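Here the structure is laid out as structure tokens; the discussion comes afterwards.
The values are calculated or read from the model by the stated rules, or taken from the named source; none is laboratory data. Just so it is clear, the structure is predicted and the values come from calculations on it, not from any experiment. Accessible surface is based on the protein model in full, side chains and every heavy atom, while ligands, DNA and RNA are left aside. Shrake-Rupley method; radii C 1.70, N 1.55, O 1.52, S 1.80 Å.
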Amino acid sequence: MDNATIWEWVGYLASVVVAISLMMSNIKKLRWWNLVGAALFVAYGLAINAIPVALVNFFIVLIDAYYLVILYKAQNQLKSET
């Protein structure tokens, strides 16, 4: 299997992971799955020299990470109040 084929499969995997993320009813799970899918798309975009793909997905990784931090902080705050 050549290098281009491997990266093509990474792109397919990223698509599947993002699709899975959209089926989550739990927002925390959605953010985690979406973060992984977007990170795979960053790697894919860089590997095939598609910088716009890599950049937009890097931005999505940052957004998912930001909201995950907010979700976990809120969860910890609720635990500490009880």
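Points to keep in mind about this one:
- Angle between the chain longest axis and helix 51-81 axis [Cα atoms, degrees, rounded to 10]: 20
- Whole-percent carbon and sulfur share, accessible surface of the stretch 1-51, 1.4 Å: 70
- Per residue, the accessible area of the chain comes to 70 Å², computed with a 1.4 Å probe over protein heavy atoms only.
- In the chain, the longest principal axis of the Cα atoms and the axis of helix 3-21 are about 30 degrees apart.
- Candidates Val53, Val69, Val17: whichever shows maximal mean-square fluctuation once the chain is modelled as a Gaussian network with Cα springs under 10 Å: Val69
- With 10 Å bins beginning at zero, the pair-distance distribution over Cα atoms of the chain amounts to 19, 40, 25, 11, 4, 1 %.
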